[in-house]
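The next block holds one structure in the form of structure tokens; read it before the comments.
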């Protein structure tokens, strides 16, 4: 499988990006506020000096040790954000970045 490169769309590649990149949802470039559609692109992101471990609450992928803040849909509470690995098994998750 050919993975997307930096700044390329990673929606069609199942979230697969080249080695140093992460497939992120860019909330700054929201296409439709009512349906929450945002582009997914491969970006090289650097984590902050204080990193949140896996399963810790986050707002942005740069806060996480694994460079991936994932969105989970909560039953009662709407969206929840937790740090995790971009690739778990064969599943690639899209990571959240607030501002680039």
Of all the residues that make up segment 42-84, how many are in contact with a strand residue (DSSP E or B) (Cβ under 6 Å, 6 or more places away or on another chain) and under 17 Å from residue 20 (Cβ atoms)? 7
If residue 82 passes every condition in (1) farther than 24 Å from residue 3 by Cβ; (2) at pLDDT 85 or above; (3) outside any strand (DSSP E or B) but one, which one does it miss? (3)
Inspect segment 29-44 for any residue being assigned to a loop (DSSP other than H, G, I, E, B), at pLDDT 80 or above and surrounded by 10 or more Cβ atoms within 10 Å (Cβ to Cβ) and give the result as yes or no. yes
So the check is Cβ under 8 Å with 6+ separation or different chains; which pairs have a first residue in segment 62-82 that's more than 21 Å from residue 45 (Cβ to Cβ) and a second one that's assigned to a strand (DSSP E or B)? 73/79; 73/80; 74/80
If we keep just the residues of segment 45-70 that are surrounded by fewer than 15 Cβ atoms within 10 Å (Cβ to Cβ) and either in contact with a helix residue (DSSP H, G or I) (Cβ under 6 Å, 6 or more places away or on another chain) or not in a loop (DSSP other than H, G, I, E, B) (or both), which is modelled with the lowest pLDDT? 48
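The values are calculated or read from the model by the stated rules, or taken from the named source; none is laboratory data. All figures in this text were calculated on a predicted structure; none of them were measured in a lab. Cβ sites come from the backbone with ideal geometry, for glycine too, and all protein chains shown count toward neighbours.
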